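S.K.: Following this message is one structure expressed as structure tokens.
The values are calculated or read from the model by the stated rules, or taken from the named source; none is laboratory data. Everything numeric here is computed off the predicted structure, so don't read it as measured data. The accessibility values were calculated without ligands, DNA or RNA, using every heavy atom of the protein model including side chains. Shrake-Rupley method; radii C 1.70, N 1.55, O 1.52, S 1.80 Å.
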Amino acid sequence: MNTNAFRTLSYGVYVVSTWDRGRATGCVANSAMQITSSPATVAVSINHDNYTNRCIADCGRFAIAVLSEQTDPSIIGTFGFQSGEKTDKFADTAYAIRGNLPVIEDACAYLVCEVIDKMETETHTVFLGKVVDADVLKGGDPMTYAYYHKVVKGKSPKNAPTYIPEETQSGQKWVCSVCGYVYDGETPFEELPEDFVCPICKQPKSVFEKK
Ligand code: FE
């Protein structure tokens with residue numbers, strides 16, 4: 001099987017949020033799609049290991065914030081590369097309550113859904129949601145998953161449905177061991193500045209490895 005075929009499918013980048021017993025939480029997802037228009041339903045796929053999965057199941061509702069190319073990439077680091085069980089991901093993120101759910105502000109648009117069904121796969125739960133509220137936020141150009149890889153130079157967390165293990169690449173580049181961000185220096189072996197912080201996951205220079 002040639003997994004490059006999977007890369008030809010189109011995806012967006014989303015923050016899926018819900019309540020954890022009254023506390024806002026969420027994670028990044030790239031597998032979200034509209035299933036029907038009337039009534040409007042959407043599906044989203046969330047890894048069993050994502051804390052957000054059980055929170056959606058308990059809450060019975062979820063919101064999808066559509067990220068744009070103008071969205072601060074650190075949103076992906078905050079929501080995509082750490083667990084909401086131990087971290088308050090909304091602590092330093094602007095959000096508002098929309099359709100009774102916490103929704104980040106730095107997004108194109110959002111949808112709020114009521115879970116009407118779910119399907120278990122070996123690794124992920126596919127939640128089917130009836131859309132109960134939706135609106136455009138900042139607009140802008142919706143971020144595609146391809147854009148995220150090419151321009152933001154991010155990688156998939158291991159929990160992403162689209163995660164494909166990559167062979168260790170030779171060559172000499174500074175790579176963030178947390179989120180996979182590749183540092184584009186002026187010269188190939190340029191040292192990272194002392195105060196360098198990963199633009200995606202906000203981790204310090206010390207987590208970067210030369211690969
Ligand atoms: Fe990083």
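S.K.: What are the semi-axes of the equivalent ellipsoid for the chain, taken as the square roots of 5 times the Cα gyration tensor eigenvalues, largest first, in whole Å?
M.R.: Details: eigenvalues 181, 70, 51 Å².
Value: 30, 19, 16 Å, ordered largest first.
S.K.: Still on this structure, please answer the following. For the chain, what is the relative contact order in percent, using Cα pairs closer than 8 Å and at least 6 residues apart in sequence?
M.R.: Working: 439 pairs, mean separation 45.9, N = 211.
With pairs under 8 Å counted, the relative contact order is 22 percent.
S.K.: Give the Rg/Rh ratio for segment 94-211, taking Rg as the radius of gyration of the Cα atoms and Rh as the Kirkwood radius, to two decimals.
M.R.: Details: Rg = 18.5 Å, Rh = 17.4 Å.
A ratio of 1.06.
S.K.: Can I ask one more? Can you tell me what percent of all Cα-Cα pairs in segment 50-147 are more than 15 Å apart? Please list the in-between numbers first.
M.R.: On the way: 3091 of 4753 pairs.
Pairs farther apart than 15 Å: 65 percent.
S.K.: Rank P73, P193, P157 by mean-square fluctuation in a GNM of the chain with C-alpha springs under 10 angstrom and give only the top-ranked residue.
M.R.: Greatest mean-square fluctuation among the candidates belongs to P193.
S.K.: Using the structure shown, list the pairs from K118/K153; K153/K210; K150/K202 with a Cα-Cα distance above 21 Å, or answer none.
M.R.: K118/K153
S.K.: In addition: Given a 1.4 Å probe and heavy atoms of the protein chains only, how would you sort H149, H124, largest accessible area at the top?
M.R.: On the way: H149 55, H124 15 Å².
If we order H149, H124 from most to least accessible, we get H149, H124.
S.K.: Counting each DSSP H run of 4 or more residues in the chain as -39500 (n - 2.57), what helix-only mean residue ellipticity at 222 nm follows after dividing by all residues, to the nearest 500 deg cm²/dmol?
M.R.: Working: 2 runs with 16 residues, N = 211.
Helices in the chain give a 222 nm mean residue ellipticity of -2000 deg cm²/dmol.
S.K.: Give me the 1.4 Å probe accessible area per residue for the chain, excluding ligands and nucleic acids, in Å². Please report the intermediate quantities before stating the final value.
M.R.: Working: 11270 Å² over 211 residues.
Per residue, the chain has 53 Å² of solvent-accessible surface.
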